[in-house]
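Only one structure is covered here, and it is reproduced in the block below.
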Amino acid sequence: MNRKILVANWKMNPQRESEAIKLTKAIDAKNVVICPPFPFFKSVKSVIKKASLGAQDAFWEERGAYTGEVSPLMLKKLGVDYVIIGHSERRRWLHETDEMINKKVKVALKVGLKAILCVGEPLSVRKKGLQAAKNFVKNQLREDLKNIYNLKPKTYNLIVAYEPIWAIGTGKPDNPKETAEMSRFIKEYLKPKTYNLKPKVLYGGSVTSLNIGRILEYNEIQGALVGGASLKVNEFKKIIKIASK
Ligand code: PEP
């Protein structure tokens, strides 16, 4: 198994800066991307030795009158390497549309961030079968990456995280064999003749130390986006060990 990427999506956690620093020191590894809440960026960055820093979102303009938003250019200048875009929680709670996500991906790539685009179907779709899920994901990719090939981003700058919505935070991960099939499908859809991109595909949804091995044994899956388990030191350390074999 090649060393796989692990994106630690802390969401709106932990509550204290001291906890964020402690957690960072404990999970600081080369293949880890730590995505803390914005207020902890500077302190997390100051203690990182091996990991990369990621943001959980960034706005679609580099500067301007956009109250409350965070500029991708500012993030880049701060030493941020990665940005998660289009997470299903933002699509749901902040009503982010594919059009907004498309603009965010484009500007993130333009300023030199590695964009981790999240896609994935709801349960109602998956209940109809994997083919229905593939169609749903294909539509998201088509809209979210519209005109992206005009930018000619370096191929490694786009990462797709396949995160079936029903698997996020539910304790019910996808079947790794089906995840691998979806990953192949995503790569096939994005293959050079289509978008001139060869993105890595990650899996996200109730990843734990007990299931990560079976997920990452597939070559088509280059890593995982981990929510809940990335906040538990011992659990995440086990995940890092398995992903680093
Ligand atoms: C996520 O944050 O995208 C996620 C997959 O969370 P969890 O690992 O808790 O399911």
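The values are calculated or read from the model by the stated rules, or taken from the named source; none is laboratory data. Model, not experiment: these values are computed from the prediction. Glycine also receives a Cβ, built like all others from the backbone with ideal geometry; neighbour counts cover every protein chain displayed. Accessible surface areas use protein heavy atoms only, side chains included; no ligands, DNA or RNA. Shrake-Rupley method; radii C 1.70, N 1.55, O 1.52, S 1.80 Å.
At-a-glance table
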{"quantity": "Prolate/oblate/rounded call for the range 5-243, Cα gyration tensor, a/c under 1.5 rounded", "calculated": "oblate"}
{"quantity": "Set of aspartates and glutamates with alpha-carbon distance to K128 below 20 Å, sequence-local pairs under 8 removed", "calculated": "E163, D174, E178, E181"}
{"quantity": "Helix-only [θ]222 nm of the chain, DSSP H runs n ≥ 4, -39500 (n - 2.57) each, per residue, nearest 500", "calculated": "-11000 deg cm²/dmol"}
{"quantity": "Mean Cα-pair separation over length for the range 5-243, i.e. relative contact order, pairs under 8 Å, 6 or more apart, %", "calculated": "19"}
{"quantity": "The range 115-167 versus the range 1-70: alpha-carbon centroid distance in Å", "calculated": "23"}
{"quantity": "Signed unit charges on C-beta, dipole axis of the range 28-117, positive-most listed residue A55, M100, L78", "calculated": "L78"}
{"quantity": "Highest average packing first - 110-123, 228-241, Cβ atoms within 10 Å", "calculated": "110-123, 228-241"}
{"quantity": "Per residue, in Å², the accessible surface of the range 33-150 once ligands and nucleic acids are set aside, probe 1.4 Å", "calculated": "48"}
{"quantity": "Candidates E89, E61, E163: whichever shows maximal mean-square fluctuation once the chain is modelled as a Gaussian network with Cα springs under 10 Å", "calculated": "E89"}
{"quantity": "For the chain, size of Cβ-based charge dipole, Lys and Arg +1, Asp and Glu -1, in debye", "calculated": "740"}
{"quantity": "Rounded percent of accessible protein surface that carbon and sulfur make up, the chain, 1.4 Å probe", "calculated": "52"}
{"quantity": "Calculated FRET value between E62 and N147, using beta carbons and R₀ = 22 Å, to 0.05", "calculated": "0.80"}
{"quantity": "Listed residues S88, A180, F40: farthest to the positive end of the dipole of the chain (Cβ charges)", "calculated": "A180"}
{"quantity": "Per principal axis, descending, Cα span of the range 95-180 in whole Å", "calculated": "37, 23, 20"}
{"quantity": "Where labels lie 7 Å past Cα in the beta-carbon direction, separation of T170 and K232 in nm", "calculated": "1.9"}
{"quantity": "Max mean-square fluctuation residue, GNM over the chain, Cα-Cα springs under 10 Å, options A65, A161, A108", "calculated": "A65"}
{"quantity": "Extreme residue, positive dipole direction of the range 5-243, given options N219, V7, V119 (C-beta unit charges)", "calculated": "N219"}
{"quantity": "Length released on extending from A26 to R3, taking residue separation times 0.36 nm less the Cα-Cα span", "calculated": "6.4 nm"}
{"quantity": "Extension gain, K138 back to L78 (0.36 nm per residue minus Cα-Cα distance, nm)", "calculated": "18.2 nm"}
{"quantity": "Cα gyration tensor, the range 1-118 - rounded (a/c under 1.5), prolate or oblate", "calculated": "prolate"}
